[in-house]
Amino acid sequence: MIRISIITNTIRRPVELVEKSIRASLGQNESVSVILMDQNVHPLIFSEEIKLNPRLKHVHCQVPSVSMARNRAEYAVDTDWIIFCDDDGYLEFGYIKKLQNLIDENQDIDIFAGSIKRIDNGNFYSKRHAVGGDMKLFWNTKLLMGSNFVIKKTIFESLGKFDEAFGAGAKYGSSEETDLAWNAFFHQKKMRYSPELVVFHVPPFAGEFKLEVNKAFRYGYGKGKLVRKWLARRKYIVLLEFLEMSFIPIFKSILNLISFRWKDFRIQSASFAGRLAGLL
């Protein structure tokens, strides 16, 4: 029997949302264990049904970043595969059964990138996921998103896990999952995009404008640093990412400027500025 561990980290989320995610994971299959890395100052308090479930391991791990929390998850020695899921997303019913079929049919695959759909309308969260693609090609490695992917435990460990300099709460506040995907690609690990592995996710939240601009710059800075990291390792194919991450915000900024959408223009400008600053 395949042994699977689902790792979810949480920080500053409503307990009801986190419990929905954990409940969906526990409801999948008896062979699945669930590890919650609770980064909050005070650990979350769940209902008795959740709290007393023997397959849930609730770990209070007060570290600042998602990468640190995920790297510190202590899964069982006999774990074969690890699933990463966000605290504001939840696995579709039947996810594990589909995964087990995929593993049986694709025994050479080391990493499965699942799809993410919005809870409110069922649409793909990312246009990349709607289009799909072969992950043997470098430009499709970004199909792997941190809120839904599956990796062999041995591969995760051999790659050195997540680079803790990247990710929300880290020095560079984004791109930890893309960094892992590139690491796997350059080490010739086999990855497959499997849209049938669905995680439902809350829709994007539009917060206070100043915070959105700050977030755009911070996330952009992480992307720029990611490209710089791999250029320093002479992986010049990552220049494709630089071209994309430069063109898209510039193009959107021009459209927003023409349409007099000043707020969107400032957000896209901040994103480009962050990417360029990170690269330089």
Inset, instruction - Show the residues, 5+ positions off or on another chain, whose built amide H is closer than 5 Å to the amide H of Asp87. - result: Asn9
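What chymotrypsin sites (Phe, Trp or Tyr not before Pro) in the stretch 229-280 are in a loop by DSSP, with at most 14 other Cβ atoms within 10 Å of the Cβ?
Details: sites: Trp230, Tyr236, Phe242, Phe247, Phe251, Phe260, Trp262, Phe265, Phe272; in loops: Phe260.
Answer in residue order: Phe260.
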Legend entry - Beta bridge orientation in the stretch 96-215: antiparallel %, DSSP, nearest 5: 35
Inset, instruction - Name the shape class, rounded, prolate or oblate, that the alpha-carbon gyration tensor gives for the stretch 182-280, where a ≥ b ≥ c are the square roots of its eigenvalues, rounded holds for a/c under 1.5, and otherwise prolate holds if a/b is larger than b/c and oblate otherwise. - result: oblate
Legend entry - Given charges at Cβ of Lys, Arg, Asp, Glu: the chain dipole, positive-most of Phe200, Ile103, Met68: Met68
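Hey, what did the stretch 151-280 get for relative contact order, percent, Cα under 8 Å, at least 6 apart?
Working: 143 pairs, mean separation 35.8, N = 130.
Computed over the stretch 151-280, the figure is 28 percent.
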Legend entry - Angle between the chain longest axis and helix 262-279 axis [Cα atoms, degrees, rounded to 10]: 80
Legend entry - About the Cα centre, charge dipole magnitude for the chain (Lys/Arg +1, Asp/Glu -1 at Cβ), debye: 1120
Inset, instruction - Could you work out how far the C-alpha centroid of the stretch 149-214 sits from that of the stretch 24-80, in angstrom? - result: 18
Legend entry - Dimensionless Rg over Rh [the stretch 20-79; C-alpha; Kirkwood]: 0.96
Legend entry - Contour excess over end-to-end distance, with Cα ends at Val202 and Ile250 and 0.36 nm allotted per residue: 14.5 nm
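On a full-extension model of 0.36 nm per residue, what is the gain between Asn40 and Ile237, subtracting their alpha-carbon distance, rounded to one decimal in nm?
67.1 nm
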Legend entry - Å² of accessible area per residue within the stretch 129-175, as computed with a 1.4 Å probe and no ligands counted: 39
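Tell me, Kirkwood radius of the chain from alpha-carbon pair distances, in Å? Don't skip to the answer; put the middle values down first.
Values: mean 1/r = 0.0513 Å⁻¹.
Hydrodynamic radius (Kirkwood, Cα only) of the chain equals 19.5 Å.
Report, to two decimal places, the Cα Rg of the stretch 118-270 normalised by 2.2 N^0.38 Å (N = number of residues). Kindly include the intermediate steps, with their values, before the conclusion.
Details: Rg = 16.4 Å, N = 153, 2.2 N^0.38 = 14.9 Å.
After normalising by residue count via 2.2 N^0.38 Å, the value is 1.10.
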Inset, instruction - Only Cα pairs under 8 Å and at least 6 apart count here; give the relative contact order of the chain as a rounded whole percent. - result: 18
Inset, instruction - With only alpha-carbon atoms counted, please give the Rg and Dmax of the stretch 87-170, in Å. - result: 14.0, 38
Inset, instruction - Please report, in cubic angstrom per residue, the volume enclosed by the convex hull of the alpha-carbon atoms of the stretch 135-186. - result: 82
Inset, instruction - Name the most mobile residue of Leu226, Leu144, Leu56, meaning the one with the largest mean-square fluctuation, in a Gaussian network model of the chain with Cα contacts below 10 Å. - result: Leu56
Legend entry - Cα long-axis angle, helix 15-26 against the chain (0 to 90 degrees, to the nearest 10): 60
Legend entry - Antiparallel %, DSSP beta bridges [both residues in the chain], to 5: 30
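So which chymotrypsin sites (Phe, Trp or Tyr not before Pro) in the stretch 166-214 end up in coil per DSSP with only 12 or fewer other C-beta atoms within 10 Å? Could the numbers behind the result be given before it?
Working: sites: Phe166, Tyr172, Trp182, Phe185, Phe186, Tyr193, Phe200, Phe205, Phe209; in loops: Phe205.
Answer by residue number: Phe205.
The values are calculated or read from the model by the stated rules, or taken from the named source; none is laboratory data. Everything numeric in this text was worked out from a predicted model, so none of it was measured. As a convention, Cβ positions derive from the backbone with ideal geometry for all residues, glycine included, and neighbour counts pool all protein chains shown. Ligands, DNA and RNA are stripped out before the accessible areas are found, and what is left, the full protein with its side chains, is counted by its heavy atoms. Shrake-Rupley method; radii C 1.70, N 1.55, O 1.52, S 1.80 Å.
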